[in-house]
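Okay, so here's the structure we're looking at.
The values are calculated or read from the model by the stated rules, or taken from the named source; none is laboratory data. Fair warning: this is a prediction, and the values are worked out from it, not measured in the lab. So basically every Cβ, Gly included, is an ideal-geometry build from the backbone, and we count neighbours across all protein chains shown.
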Amino acid sequence: MQTLKLNTSNLARIATGRTPINIPKYPRGPAIKEGIVHIGVGGFHRAHLAYYVDQLMRQGVTDWAICGVGLQPFDAGMRDALRSQDHMYTLIERSAKGSSASIIGSINSYLFAPDDREAVIAKMAHPDTHIVSLTITESGYFYNENTHELQSDHPDIKFDLDPANENAPRTTFGFLYAAMARRYQQGLKPFTVMSCDNMQKNGAITRHMLDSFARIRNPELAKWISEKGHFPNAMVDRITPQTSAKDKEDLAENFGVEDSWPVVTEPFTQWVIEDHFSDGRPPFEKVGVQVVKDVHAVEEFEKHKLRLLNGSHSAIGYPGQLAGFKYVHEVMQDPFFSKFVWQMMQEEVRPSLPTIPGVDLDVYTKTLIERFSNPTIMDQLPRICLNASGKVPQFIMPSIAEAIWVSGPFRRLCFVAAAWFHYVKGVDDNGNKFEVDDPMREILQAKAIAGGTNPSELLSIGNLFGDDLRSDKRFLATVTAALEDISRDGILKTIPKYVD
Ligand code: CS2
């Protein structure tokens, strides 16, 4: 069957091909103003911020196209894919009802820092740039979960803090700092730093990390950034699996499009962001974004989402992978697992959540079960389990800590923590080895093996766990009991004990 390579010259034919596809009809290319520089162009960014900006551009909103940036060597693949197709890609939404596809054109150019670091700094410092947005994952923030400070002794941060490296930095903070310094010298406003990462208080953490970095380098600049800069907190949500070879084949077969790196996602999407911008913003509310004035509102939305959605994902991911499952929906088809997830949400997580006017948690949690059960997006467990050291401490541990303080039940949450502790050893219940993809893998594995069924070794890792939790006897006893059960009997025999 004939397919068309995605690029500008094929666009009109793609639109009228065998299955209709929405294509961008707005102007693109070098003459377009790029108001947003985005660091970390992966699947999630392309299903979320770039999707919202595309929707705005379709409505005629100009000046806010995106320049994508990759800082890591592994971003070379994205550079090549985007450049080969004029920076466009296909967004495929899949649900039980079927799938639809749109070509997204909001990413207008792409810079790969290892090719030219100066070009990235210059782009961020350019007067047309008003927002620098981030999806750099938890580990990209160099945030110590225990002290809440910047990991200033990390080799990459140390490198960037050396004035000799100001124009060739490695980390996001090195780039933000260098670009802010130029804007200050040029009399421009600071750009807004808009974190789209899935972290509680993502904006406040970004502010604090950049402030700590800048104070070490130049207190005067730090003061300017802190007084004039804005770092809105945001809750972001859209389940976006990793693209598989099969996704590309299906796109070619069903829609006749040849795309080097399409994105598959669910129909659901949500973004709640504080209305705090230093240098203007697009009219995001026009495309369904909840832009709110109240600082606390975002924090509450984040809490709901991180603890219910991502906490449940952890409950599906680590035990699911140990039990030998491959996809989220497969785990949800197991009656014990689905009950476990439901009961953990209702009995252990919900009691510590704030009430948000207009949000019905019965509906929210039922919708989550439906989203997790969507068989069409094929959400991979290794994706859920990726970089766990940046996730479990904020998706699961805060719910445990709060449940302990209000004396609510927390044994299911402890089972999830124990499953992660067992998972880091890298062998599933059938004796199959799997890769533990985590920046802290070495230390986690060493501690997990040294500790056996005693979690104290792992809990001693300073920058992951709070002192209050690691010294709590109830927590230790409950995690130890779960770890003993999982190590001895495996997940499938243990999980029924945690379901009523
Ligand atoms: C997942 C998230 O990686 C994870 O742990 O829970 O990527 C999740 O799919 C998104 O946060 C959904 O918005």
> Given the conditions (1) within 16 Å of the ligand (Cβ to nearest atom); (2) of a type in the set (Ser, Thr, Tyr); (3) over 18 Å from Ile36 (Cα atoms), and given that Ser195 satisfies all but one, which numbered condition is not satisfied?
Replying inline: (3)
> Mind checking which residues of the stretch 354-379 are more than 14 Å from Asn310 (Cβ to Cβ) and either within 10 Å of the ligand (Cβ to nearest atom) or of a type in the set (A, V, I, L, M) (or both)?
Replying inline: Ile356, Val359, Leu361, Val363, Ile369, Ile377, Met378
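Per-residue answers, yes or no, for (1) of a type outside the set (A, V, I, L, M, F, W, C); (2) in a helix (DSSP H, G or I); (3) modelled with pLDDT of 95 or more; (4) over 21 Å from the mean Cα position of the chain (by Cα):
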site	(1), (2), (3), (4)
His45	yes, yes, yes, no
Gly60	yes, no, yes, yes
Asp63	yes, no, yes, yes
Gly68	yes, no, yes, no
Phe74	no, yes, yes, no
Asp86	yes, no, yes, yes
Ser102	yes, no, yes, yes
Ser109	yes, no, yes, yes
Glu118	yes, yes, yes, yes
> Tell me, which residue of the stretch 310-331 that is of a type in the set (A, V, I, L, M, F, W, C) and either within 14 Å of the ligand (Cβ to nearest atom) or in a loop (DSSP other than H, G, I, E, B) (or both) is surrounded by the fewest Cβ atoms within 10 Å (Cβ to Cβ)?
Replying inline: Phe325
>> Take Pro232 and tell me if it is more than 16 Å from the ligand (Cβ to nearest atom), closer than 20 Å to Val298 by Cβ and touching a helix residue (DSSP H, G or I) at 6+ places or on another chain (Cβ under 6 Å).
In response: yes
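Identify all residues within the stretch 182-196 that are of a type outside the set (A, V, I, L, M, F, W, C) and assigned to a strand (DSSP E or B); write none if there are none. Let's see the steps before the verdict.
Of the residues in the stretch 182-196, the ones of a type outside the set (A, V, I, L, M, F, W, C) are 182-187, 189-190, 192, 195.
Answer for the stretch 182-196, where residues must be of a type outside the set (A, V, I, L, M, F, W, C) and assigned to a strand (DSSP E or B): Thr192, Ser195.
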> Can you name the number of the only condition in (1) of a type in the set (A, V, I, L, M, F, W, C); (2) under 27 Å from Tyr143 (Cβ atoms); (3) crowded, with 16+ Cβ neighbours inside 10 Å that Ile486 fails?
Replying inline: (2)
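Rundown of residues vs (1) surrounded by 18 or more Cβ atoms within 10 Å (Cβ to Cβ); (2) under 23 Å from the mean Cα position of the chain (by Cα); (3) part of a helix (DSSP H, G or I), yes/no style:
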position: Arg215; (1), (2), (3): no, no, yes
position: Ser226; (1), (2), (3): no, no, yes
position: Thr240; (1), (2), (3): yes, yes, no
position: Asp247; (1), (2), (3): yes, yes, yes
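Under the condition of being part of a loop (DSSP other than H, G, I, E, B) and within 20 Å of Met194 (Cβ to Cβ), which residue from the stretch 264-278 is farthest from the ligand (Cβ to nearest atom)? Please lay out each step first, then the result.
Restricting attention to the stretch 264-278, the residues satisfying the condition of being part of a loop (DSSP other than H, G, I, E, B) are 266-269, 275-278.
Filter again for within 20 Å of Met194 (Cβ to Cβ), leaving 269, 275-278.
On the way: Thr269: 9, Asp275: 21, His276: 22, Phe277: 23, Ser278: 26 Å.
Residue satisfying both the conditions and the ranking: Ser278.
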> Is there a residue in the stretch 286-304 that is closer than 26 Å to Ala482 by Cα, within 15 Å of the ligand (Cβ to nearest atom), in contact with a helix residue (DSSP H, G or I) (Cβ under 9 Å, 6 or more places away or on another chain) and modelled with pLDDT of 95 or more?
Replying inline: yes
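Does Ala419 satisfy the condition of being part of a helix (DSSP H, G or I), closer than 20 Å to Ile491 by Cβ and either away from the ligand (no atom under 16 Å from the Cβ) or among the aliphatic types (A, V, I, L, M) (or both)? Outline the logic, then answer.
On the way: part of a helix (DSSP H, G or I): yes; closer than 20 Å to Ile491 by Cβ: yes; either away from the ligand (no atom under 16 Å from the Cβ) or among the aliphatic types (A, V, I, L, M) (or both): yes.
Yes; evaluated as a whole, the condition is true for this residue.
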